[in-house]
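Have a look at the structure below, then the notes.
The values are calculated or read from the model by the stated rules, or taken from the named source; none is laboratory data. Everything quoted here is computed from the prediction, not taken from an experiment. For neighbour counting, all protein chains shown are included, and Cβ atoms are generated from backbone atoms with ideal geometry for every residue, glycine included.
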Amino acid sequence: MFIALHLSYGYGQVNENEGKEEKSHENQTTVLKQTTVFPQIHTNLNGMVREFVRTMYQDTKGNYWFGTNGNGIIRYDGQTLETITIEGIHPYMRVIEIVEDKAGNVWFGTSDGLIKYDGKKFTTFSKKEGLQDEEIWGLTIDKSGLIWVGAIDGVSHFDGEKFIPFSLPDLMVENPQHMLSDKLVFKIIEDKSGTIWLATDGNGIFKYNKGEFTHLTSKNGLTDNNAADILEDRHGNIWIGTFYGGISKFDGKTYTNFTKDGIIDGIEIGSLYEDSKGNIWFSVENQGVYRYDGTNFTQFTTENGLTTNGVLSIFEDNKQQLWFGTWQGICLYDGVKFMNAVEKEPWVK
């Protein structure tokens, strides 16, 4: 199962060559030699990624950040591609969310707590600082600068100094299918009206605005109670990708289920992303990625240059290039064709 594997805790096995470096006689660049879980057809960032990249981000200073599944944080600052070492943090940490605040601080939601980078140093926040649980999945910063953290044991507010638990209503759907925890929120976003949307682990979606909650479930229009990802587009539509019910668009009144309508193949949706042109991109289990241009959906697969049809993360850089983190390395789309990212960005090696 595509997304279920995406949730995996495993760090994989390391062989005796892991972490050793070898010189390429052709170009004399240093290549990190390590075991990978899947054959890496496209770049795996100079051998630094053993499993896959689950989130990518480019900050306002132009730094590229890659959050990996089991190999921590990787950064390219314009000169050096490197794995970040943080004191007290497990080297096989998973990085699930990356966001930036108005001051330019970059925040990482990880399996080892919340991490802040202020441009000079990394600061970690864990249970010792009041975090409910150190395994974080949902992370967003609202318009007021308040940080919302969705961890295994519940949601917290963080104002930069202290964590305050944020309780969801004691409402539960019938026969919930929790994957990890009945208190977990996978994804948190704030829409243009200031409403917070919290996509839970098997309990539908909660909307929160000015102290009032609305519970969206399969009984009142939600496609599936197991929401995997959620996105608001520039027109104010809410896109919802689910584990078992495909993808739908909610315009505030009506749900349109493109999977049920037969337009989209596959039921397991992830990695919702809106590019700078307003196109909506998303991945589907073993079906590659789809692009919606406001009128039509276009599907892209290995036949179009993707290294594999298992895509786990999507991101656009400041050159308007789209990056796709897959099971078998990182692909890049330049607006014309898909290719190995190293073809356009040699620094990924």
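Listed values, structure above:
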item: Residues (among the aliphatic types (A, V, I, L, M) and over 16 Å from the mean Cα position of the chain (by Cα)) located in region 196-212; result: 196, 205
item: Unmet requirement for residue 231, which otherwise passes all of (1) in contact with a strand residue (DSSP E or B) (Cβ under 9 Å, 6 or more places away or on another chain); (2) over 24 Å from residue 113 (Cβ atoms); (3) among the aliphatic types (A, V, I, L, M); (4) part of a loop (DSSP other than H, G, I, E, B); result: (4)
item: Residue check for residue 219: part of a loop (DSSP other than H, G, I, E, B) and out of contact with any Lys or Arg (no Cβ under 7 Å at 6 or more places or on another chain); result: yes
item: Breaking point among (1) under 24 Å from residue 203 (Cα atoms); (2) touching a residue at least 40 places away in the same chain (Cβ under 8 Å); (3) not in a loop (DSSP other than H, G, I, E, B), for residue 281; result: (1)
item: Residue 297 surrounded by fewer than 15 Cβ atoms within 10 Å (Cβ to Cβ), over 24 Å from residue 49 (Cα atoms), aromatic (Phe, Trp, Tyr) and modelled with pLDDT of 95 or more; result: yes
item: Residue within region 97-106 that is over 20 Å from residue 270 (Cα atoms), part of a loop (DSSP other than H, G, I, E, B) and touching a Ser or Thr at 6+ places or on another chain (Cβ under 7 Å) present; result: yes
item: Any hit, region 197-214, residues being surrounded by 13 or more Cβ atoms within 10 Å (Cβ to Cβ), in contact with a Lys or Arg (Cβ under 7 Å, 6 or more places away or on another chain), among the β-branched types (Val, Ile, Thr) and more than 12 Å from residue 154 (Cα to Cα); result: yes
item: Check on residue 140, under 17 Å from the mean Cα position of the chain (by Cα) and either touching a residue at least 40 places away in the same chain (Cβ under 8 Å) or assigned to a strand (DSSP E or B) (or both); result: yes
item: Where residue 204 falls short, out of the listed (1) in contact (Cβ under 8 Å) with a residue 12 or more places away in the chain; (2) on the phi < 0 side of the Ramachandran plot; result: (2)
item: Qualifying residues in region 215-242 (those that are touching a Gly at 6+ places or on another chain (Cβ under 9 Å) and under 18 Å from residue 313 (Cα atoms)) - the one surrounded by the fewest Cβ atoms within 10 Å (Cβ to Cβ); result: 233
item: Residue selected from region 86-112 under the condition touching a residue at least 40 places away in the same chain (Cβ under 8 Å) and charged (D, E, K, R), by the criterion surrounded by the fewest Cβ atoms within 10 Å (Cβ to Cβ); result: 102
item: Single residue of region 323-339 satisfying the filter (among the aliphatic types (A, V, I, L, M) and surrounded by 22 or more Cβ atoms within 10 Å (Cβ to Cβ)) that is farthest from residue 285 (Cα to Cα); result: 332
item: Subset of region 292-326 that is within 17 Å of residue 348 (Cβ to Cβ) and among the small types (Gly, Ala, Ser) - its residue that is nearest to the chain's Cα centre (by Cα); result: 313
item: First in region 210-233 and at positive phi, second anywhere and surrounded by fewer than 16 Cβ atoms within 10 Å (Cβ to Cβ), Cβ under 9 Å, 6 or more apart; result: 210/194; 221/254
item: Long-range neighbours under 9 Å by Cβ, at least six apart or interchain, first residue touching a residue at least 12 places away in the same chain (Cβ under 8 Å) within region 299-327, second part of a strand (DSSP E or B) and basic (Lys, Arg); result: 299/291; 300/291; 312/54; 313/54; 325/54
item: Members of region 77-134 found to be of a type in the set (S, T, N, Q) and within 21 Å of residue 161 (Cβ to Cβ), listed by number; result: 105, 110, 123, 124, 126, 132
item: Top-ranked residue in region 259-287 [being of a type outside the set (S, T, N, Q), within 30 Å of residue 318 (Cβ to Cβ) and in contact with a Ser or Thr (Cβ under 8 Å, 6 or more places away or on another chain); ranked as surrounded by the most Cβ atoms within 10 Å (Cβ to Cβ)]; result: 269
item: The lone exception for residue 41 - which of (1) under 24 Å from residue 161 (Cα atoms); (2) more than 20 Å from the chain's Cα centre (by Cα) it fails; result: (1)
item: Any hit, region 69-76, residues being closer than 21 Å to residue 273 by Cβ and surrounded by fewer than 16 Cβ atoms within 10 Å (Cβ to Cβ); result: no
